[in-house]
Amino acid sequence: MSTAVLDREVVRATKPAPRRIPMSRIVGVELRKSFDTRSGFWLLASIGIVSVIATGAVILFAPDSEITYETFATAFGFPMAVILPMIAILSVTSEWSQRTGLTSFTLVPHRGRVITGKAIVALIVGVTSMLAAAAIGAVGNLLGSAILGVDAVWNVSVVEFSYIILANILGMAVGFMLGVLIRNSPGAIVGYFVYSLLLPTITTVLAETQQWFADKQPWVDFNYAQGALFDGDVSGEQWAQLGVTGLFWLVIPLTIGVWSVLRSEVK
């Protein structure tokens, strides 16, 4: 073998580092996941179905004096308060209940980016759903007023409706937090109903029977603090109560849940 060959410098081709997956693609994939399963599809479809049913029920059964936009907003607001948190829960827990988490976190090793993408999708779905329901309610208000021969009453301002959207987004955030914290669909759903139905009953009874708690309820009960948003008029003190209760019932548990997701083994 010639000396020239032995002395020749071996040049190895270096592979370029793969580009980081953009957040827009992660959000797009997580959004598509929301529609891929039959349960997810029908849960999202139920938003429009329930809004139409609620609007029709108001037109059929509400007295003429109650054919106002506020009545329609209230009619579709209560179902939204239940459906939206369920969507947020399933968007997180599906990775563990359907055992796709290992694939997701292998393709995107930075788990925090996947959780952030899921949170963005939950926000998009929540806001879009509320706006769609608001549009259906507006059509119902016009249609109901025309059928009954009364003037259309628009007694919900833009600010008041933005408060309603915020209240539902906070409820959705609680569902998202429980999904991240528990990471099990049945457990997170049961936990949400305990939080949203059982816990307010206990705190209400306690406030009615114990005066010392009645004064402190707005500062410790997140559900109670959110009630001011549905009333459409929030004072500075009520914003402070919402912030304090949200810190203990939402921010701290969500932080613990995200920390657990980032450090736990995915199987």
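Listed residues 101, 140; which is at pLDDT 85 or above and either under 23 Å from the mean Cα position of the chain (by Cα) or open to solvent by less than 10 Å² (accessible area, probe 1.4 Å) (or both)?
Exactly one of 101, 140 is at pLDDT 85 or above and either under 23 Å from the mean Cα position of the chain (by Cα) or open to solvent by less than 10 Å² (accessible area, probe 1.4 Å) (or both), namely 140.
List the number of the failed condition for residue 49; all other conditions in (1) modelled with pLDDT of 85 or more; (2) under 13 Å from residue 137 (Cβ atoms) hold.
Every condition holds for residue 49 apart from (2).
All but one of (1) within 30 Å of residue 21 (Cβ to Cβ); (2) out of contact with any Asp or Glu (no Cβ under 7 Å at 6 or more places or on another chain); (3) at pLDDT 85 or above hold for residue 117, so report the exception by its number.
Of everything listed in (1) within 30 Å of residue 21 (Cβ to Cβ); (2) out of contact with any Asp or Glu (no Cβ under 7 Å at 6 or more places or on another chain); (3) at pLDDT 85 or above, residue 117 misses just condition (2).
Considering only the stretch 229-257, state which residues are farther than 19 Å from residue 169 by Cα and either in contact with a strand residue (DSSP E or B) (Cβ under 8 Å, 6 or more places away or on another chain) or in a helix (DSSP H, G or I) (or both).
Within the stretch 229-257, 236, 237, 256 qualify.
Given the conditions (1) under 26 Å from residue 53 (Cβ atoms); (2) of a type outside the set (S, T, N, Q); (3) open to solvent by less than 20 Å² (accessible area, probe 1.4 Å), which single one is not true for residue 95?
(1)
I'd like the residue in the stretch 211-240 that is farther than 24 Å from residue 158 by Cβ and polar (S, T, N, Q) and, out of all such residues, is surrounded by the fewest Cβ atoms within 10 Å (Cβ to Cβ).
Among them, the one singled out is 211.
Spot the failing condition for residue 265; the list is (1) outside any helix (DSSP H, G or I); (2) in contact (Cβ under 8 Å) with a residue 24 or more places away in the chain; (3) open to solvent by 60 Å² or more (accessible area, probe 1.4 Å), and only one is missed.
(2)
Go over the candidates 129, 39, 46 one by one and state the one that is open to solvent by 40 Å² or more (accessible area, probe 1.4 Å) and touching a residue at least 12 places away in the same chain (Cβ under 8 Å).
Going through 129, 39, 46 in turn, just one is open to solvent by 40 Å² or more (accessible area, probe 1.4 Å) and touching a residue at least 12 places away in the same chain (Cβ under 8 Å): 39.
So in the stretch 157-179, with the set limited to residues that are of a type in the set (S, T, N, Q) and either open to solvent by less than 30 Å² (accessible area, probe 1.4 Å) or part of a helix (DSSP H, G or I) (or both), which one is farthest from residue 226 (Cα to Cα)? So that I can check it myself, show each step before the final result.
Within the stretch 157-179, the first condition is being of a type in the set (S, T, N, Q), and the residues that meet it are 157, 162, 168.
Of the ones still in play, those that are also either open to solvent by less than 30 Å² (accessible area, probe 1.4 Å) or part of a helix (DSSP H, G or I) (or both) are 162, 168.
Numbers: 162: 13, 168: 9 Å.
So the residue we want is 162.
The values are calculated or read from the model by the stated rules, or taken from the named source; none is laboratory data. None of these values were measured; they are calculated from a predicted model. In this analysis, Cβ positions are derived from the backbone assuming ideal geometry, glycine residues included, and neighbour counts consider all displayed protein chains. Quick note on the areas: whole protein, heavy atoms, side chains included, nothing else; ligands and nucleic acids left out. Shrake-Rupley method; radii C 1.70, N 1.55, O 1.52, S 1.80 Å.
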